[in-house]
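Structure first, commentary second.
Coordinate-derived values only; no laboratory data. Since the structure is predicted, the reported quantities are computational estimates derived from the model, not experimental observations. As a convention, Cβ positions derive from the backbone with ideal geometry for all residues, glycine included, and neighbour counts pool all protein chains shown.
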Amino acid sequence: DEVSLRLRQSAEARYLLSESQGFTASGAFDVRKEVKMASLGKILDPTNLVEIQQTLSTAHQVRSTLKTMSKEVPLIWDIAGGIEDLSKTEKEIARCISPGGEVLDSASKELTAIRTQLKNTHEILMKRLEGIIRTPRGRKIIQEPIITERYGRYVIPVKVEYRKEIKGITHDLSNTGASVYVEPSSTVDMGNTLRELQTAEKREVERILRNLSSAIGDREAEILRNVSILSEL
């Protein structure tokens, strides 16, 4: 009986592939371990979330395709019909995470606001630093007209002999010892604001990932069932 069933399923599969040559379940991943970890409270990283989203999307597409051909391939539909509809979870991940694994601005109103502030603050800070290095005095004291970063702070390279010519915080010394990396006093407050916004962004991203992971953990049984069915198909 088992052999007979498998042969009839195989015959239907051959028919399916001949009639629907674009049919595939290759967009799915083995996400069982990640889903299990999410059910235990682990916060999944964006790459894992994208793989789960693509797996759910593939399951949805496979079920939709086979439903339209259920009369022609009833035995295969008997398998695929057990796929759970998790489109809500799938769409929520896609709304928050890009295919490349980036948390999107649109993931939350808070993240949109924070990133807008970050962009504006960064632009103003860069203009202020550029204003300093472009002045005649600035051109005299700097080693080269660049703005760089040291320990998360934006600095300018000042010639060692002119260090006392500019008020600010020294964050580093160049490898040659010819210059020091100084954060001018006039940009310290804005640098602090930038760091605060970066911390706020990190916390909001973590909150979004935690919520998505929790939603996946809540649907552990259904997701694992879908993965099993895709594997069988």
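Things worth noting here:
- Between the listed residues 3, 37, 27, the Cα displaced farthest toward the positive end of the dipole of the chain, a dipole computed from Cβ unit charges relative to the Cα centre, is found at 37.
- Cα lying deepest toward the dipole's positive end in the chain, options 112, 192, 74, charges on Cβ: 192
- Highest-fluctuation residue, 85, 45, 189 considered, GNM on the chain with Cα pairs under 10 Å: 189
- Distance from the Cα centroid of the stretch 43-109 to that of the stretch 1-37 is 16 Å (rounded to whole angstrom).
- Under 13 Å from a label point set 7 Å out along the Cα-to-Cβ vector of residue 117, the amide N atoms of the stretch 192-220 belong to 192-204.
- Overall, the anisotropy analysis places the stretch 23-148 in the prolate class: the square-rooted eigenvalues a ≥ b ≥ c of its C-alpha gyration tensor yield a/c not less than 1.5, with a/b exceeding b/c.
- Residue with peak Gaussian network fluctuation, the chain [Cα springs, cutoff 10 Å], from 19, 201, 130: 19
- Calculated Kirkwood radius over Cα pairs in Å (choose from [x] 18.3; [y] 19.1; [z] 22.0), label: [z]
- Computed about its Cα centre, the charge dipole of the stretch 130-231 is approximately 440 debye, with only Lys, Arg, Asp and Glu carrying charge at their Cβ.
- Restricting the chymotrypsin sites (Phe, Trp or Tyr not before Pro) of the stretch 149-223 to loop positions (DSSP other than H, G, I, E, B) with no more than 14 neighbouring Cβ atoms within 10 Å leaves 151.
- Trypsin sites (Lys or Arg not before Pro) lying in DSSP loop within the stretch 44-85, provided at most 10 other Cβ fall within 10 Å: 71
- Listed residues 146, 156, 79, most fluctuating in the chain (Gaussian network, C-alpha, under 10 Å): 146
- Charged-residue dipole, Cβ positions (Lys, Arg, Asp, Glu), the chain about Cα centre, Debye nearest 20: 1240
- Computed E for residue 135/residue 98 - FRET, C-beta separation, R0 45 angstrom, nearest 0.05: 0.65
- The chain - mean residue ellipticity at 222 nm from DSSP helices (-39,500 (n - 2.57) per run, n ≥ 4, rounded to 500): -20500 deg cm²/dmol
- Cα-Cα over 25 Å, subset of 109/202; 42/67; 119/140; 36/109: 42/67; 119/140; 36/109
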